[in-house]
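Note sheet for the following structure.
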Amino acid sequence: MTPEQARPAPRQDSQDPAIFGQTPWQTVGPFFHYGLPWKGGADLVGTSDIGARPELMPPEHYLLASPSPKGEIAGETIVLEGVVVDAEGQIIPDAMIEIWQADAAGHYAEGNTGFVGFGRASTGEDGTYRFRTVLPGSIGEGHAPHIAVGVFGRGLLKRLVTRVYFEGDPANASDPILALVPPERRGTLMARKQDGAWRFDIVLQGERETVFFDV
């Protein structure tokens, strides 16, 4: 036996590329739309179940408690809804939308109003999301009523952040944040009245991309 024949064969362990090759890439999600929203998470003023997608879970796993009563909440109740689409206009059926807002008096949650100001909703198979909330008030002089929005979805390593303003509000003309946006793109931040609701579509990329902010 030669010295070469007597030498033990190289050990193949978990680091040997001959066994596994390149580590496969993996995108983020999609799991936000069924893993994080809760029953009633999109109803900031009532006790409906909107927000989660129970059809994605076996009945025995859908054990979330019913929303607790919120008490009397001042202000005008509104529906905020829209569709989430990609650059080609294709719907995104597995995104998750978060909102954070002031109450009708322009105050954030203070513990005794019954209004939390935070909500979370899945998009449906048709790409739509829906919230029931109150029309927010101004948070200070010169600031237009608005709702902060976070978008989570497949391939997004960080959430996208934007704002919803309400078309026709005179305070839009003086809002300091809206003034940072080029005039020709401010329309992407405007919710518009449609069929009794405020419509706000979110376009992730492309020519009509919604303005997103660095945070």
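The values are calculated or read from the model by the stated rules, or taken from the named source; none is laboratory data. Being a predicted model, the structure only gives us computed values, none of them experimental. Positions of Cβ are generated from backbone atoms using ideal geometry, with glycine treated the same way; all protein chains shown enter the neighbour counts.
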Checklist outcome for this item: When restricted to 93, 10, 37, 30, the only residue closer than 24 Å to residue 129 by Cα, at pLDDT below 80, of a type outside the set (Ser, Thr, Tyr) and part of a loop (DSSP other than H, G, I, E, B) is 30
Checklist entry - Quick check, is residue 135 within 14 Å of the chain's Cα centre (by Cα) and surrounded by 12 or more Cβ atoms within 10 Å (Cβ to Cβ)? => result no
Checklist entry - Taking strands (runs of 3 or more DSSP E) that do not extend beyond region 158-205, which have at least 3 residues that are over 20 Å from the mean Cα position of the chain (by Cα) and buried (at least 17 other Cβ atoms within 10 Å of the Cβ)? => result none
Checklist entry - What are the residues in region 81-107 that are more than 26 Å from residue 157 (Cβ to Cβ) and either surrounded by 17 or more Cβ atoms within 10 Å (Cβ to Cβ) or among the aromatic types (Phe, Trp, Tyr) (or both), if any? => result 81, 102, 103, 104
Checklist entry - Condition test on residue 208, is it in a loop (DSSP other than H, G, I, E, B) and in contact with a helix residue (DSSP H, G or I) (Cβ under 9 Å, 6 or more places away or on another chain)? => result yes
Next on the checklist: I need a count of the residues in region 98-137 that are in a strand (DSSP E or B), more than 21 Å from residue 196 (Cα to Cα) and among the hydrophobic types (A, V, I, L, M, F, W, C).
Outcome noted: 2
Next on the checklist: Of the residues 155, 140, 150, only one is outside any helix (DSSP H, G or I) and more than 26 Å from residue 53 (Cβ to Cβ); which?
Outcome noted: 140
Checklist entry - Are any of the residues in region 99-115 more than 19 Å from the chain's Cα centre (by Cα) and under 21 Å from residue 190 (Cβ atoms)? => result yes
Item to check | Answer from 80, 56, 135 - the residue that is touching a helix residue (DSSP H, G or I) at 6+ places or on another chain (Cβ under 7 Å) and not β-branched (Val, Ile, Thr) | outcome: 56
Checklist entry - Just a yes or no: is a residue in region 166-177 within 30 Å of residue 31 (Cα to Cα), among the polar types (S, T, N, Q) and either modelled with pLDDT of 95 or more or in contact with a strand residue (DSSP E or B) (Cβ under 9 Å, 6 or more places away or on another chain) (or both)? => result no
Next on the checklist: Which numbered condition in (1) farther than 18 Å from residue 102 by Cβ; (2) surrounded by fewer than 13 Cβ atoms within 10 Å (Cβ to Cβ) is the only one that residue 151 fails?
Outcome noted: (2)
